[in-house]
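First the structure, in the form of structure tokens, and then the observations on it.
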Amino acid sequence: MSTHDQTPRSGLSRRQFLKGTGLTAATALTTGPLLGGGSAEAAQNARAATPGFGPGPVKLELTVNGAKVTTEVEPRVTLLDALRNYVDVTGPKRVCDRGTCGACTVLLDGKPIYACTCLALEAMGRRVETAEALNADGSLHAVPAAFVQFDAQQCGFCTPGFVMAIKAALDRNPKATPEELETAVCGNICRCGTYQQMRDAIRSLCKKMASNNGPSVNGLASLARSAGCCHHGEEG
Ligand code: FES
Ligand code: FES
């Protein structure tokens, strides 16, 4: 599994975040009473001079499925927890919470990511898409429709992640082959083992998409690159 872009457009990278909070803590320690090195006022001034976020709640503005949402979260809150616990978007599921299973897959600017490994603040100013978007206007998107048709879920906990990963791959290449779509979901796990039904759904989807107009197949490598971020596939 590759890592995603470490410098998001919001301007706040994980490295900057850790550096900011680490510097603040280090400054407070080295100027604290234990070392006799300075007053509380000096520590306060040093803290104010160090760019950082938190530790208390900060304003968070997200664009989720086309809607602007605003809330406040502590900077340590992941995108997954922000979506589920602060803006009531529960399509992405919290299963492993450590970037392994894909149940939390959402699209960030069209790319699949594990929302449990992304800070909510990293998603500021970027487009977040979740499974809720696949039924937004009352008509079911072709990907979940195929899952329903082929009974490609049991408990359904993994399903939002699978359908978002497949949607991203088809958005990128509407004429992707079944093998390419299987590569696109290589970062997703189904504990109920409904893989055969998913394969049937994927084959049916590919047949439908192939009969529509769309760009030509770009090949497996380009599809894997398109999935590059914190989700799966090669670095793109
Ligand atoms: S919950 Fe995020 S990868 Fe499992
Ligand atoms: S349907 Fe239960 S984990 Fe996939």
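The values are calculated or read from the model by the stated rules, or taken from the named source; none is laboratory data. Owing to the predicted nature of the structure, the values given are computational and were not obtained by experimental measurement. Cβ coordinates were reconstructed from backbone atoms using ideal geometry, including for glycine residues, and neighbour counts include every protein chain displayed.
Every residue in region 134-143 that is in a helix (DSSP H, G or I) and in contact (Cβ under 8 Å) with a residue 60 or more places away in the chain, please. Please lay out each step first, then the result.
Step one: filter region 134-143 for residues in a helix (DSSP H, G or I), giving 134-135, 142-143.
The answer is 142, 143.
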Next on the checklist: Can you tell me which of (1) within 30 Å of residue 58 (Cβ to Cβ); (2) of a type outside the set (Ser, Thr, Tyr); (3) surrounded by 24 or more Cβ atoms within 10 Å (Cβ to Cβ); (4) within 16 Å of ligand 2 (Cβ to nearest atom) is the one residue 185 doesn't meet?
Outcome noted: (1)
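So which residues in region 147-160 are crowded, with 20+ Cβ neighbours inside 10 Å and either away from ligand 1 (no atom under 16 Å from the Cβ) or part of a strand (DSSP E or B) (or both), if there are any at all?
So in region 147-160, the residues crowded, with 20+ Cβ neighbours inside 10 Å come out as 147, 152-153, 158-160.
Matches in region 147-160: 147, 152, 153.
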Next on the checklist: For the list (1) at pLDDT 95 or above; (2) at negative phi; (3) under 24 Å from the mean Cα position of the chain (by Cα), I need the number of the one condition that residue 193 fails.
Outcome noted: (2)
Item to check | Those residues of region 79-116 which are out of contact with any strand residue (DSSP E or B) (no Cβ under 6 Å at 6 or more places or on another chain) and polar (S, T, N, Q), in sequence order | outcome: 85, 90, 100
Checklist entry - Filter region 77-93 for residues that are part of a loop (DSSP other than H, G, I, E, B) and surrounded by fewer than 18 Cβ atoms within 10 Å (Cβ to Cβ); which is nearest to ligand 1 (Cβ to nearest atom)? => result 90
Next on the checklist: Given the criteria closer than 23 Å to residue 137 by Cα, of a type outside the set (Ser, Thr, Tyr), within 18 Å of the chain's Cα centre (by Cα) and within 16 Å of ligand 2 (Cβ to nearest atom), does residue 68 qualify?
Outcome noted: no
Next on the checklist: Exactly one condition in (1) buried (at least 16 other Cβ atoms within 10 Å of the Cβ); (2) more than 16 Å from ligand 2 (Cβ to nearest atom); (3) in contact (Cβ under 8 Å) with a residue 40 or more places away in the chain is false for residue 103; which is it?
Outcome noted: (2)
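Table: residues versus (1) within 19 Å of residue 107 (Cβ to Cβ); (2) at pLDDT 95 or above; (3) away from ligand 1 (no atom under 16 Å from the Cβ); (4) outside any loop (DSSP other than H, G, I, E, B).
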residue	(1), (2), (3), (4)
132	yes, yes, yes, yes
145	yes, yes, yes, yes
162	yes, yes, no, yes
182	yes, yes, yes, yes
221	no, no, yes, yes
Next on the checklist: Anything in region 103-124 that is within 13 Å of ligand 1 (Cβ to nearest atom), within 8 Å of the chain's Cα centre (by Cα) and hydrophobic (A, V, I, L, M, F, W, C)? List them, or say none.
Outcome noted: 104, 106, 113, 115, 116, 118
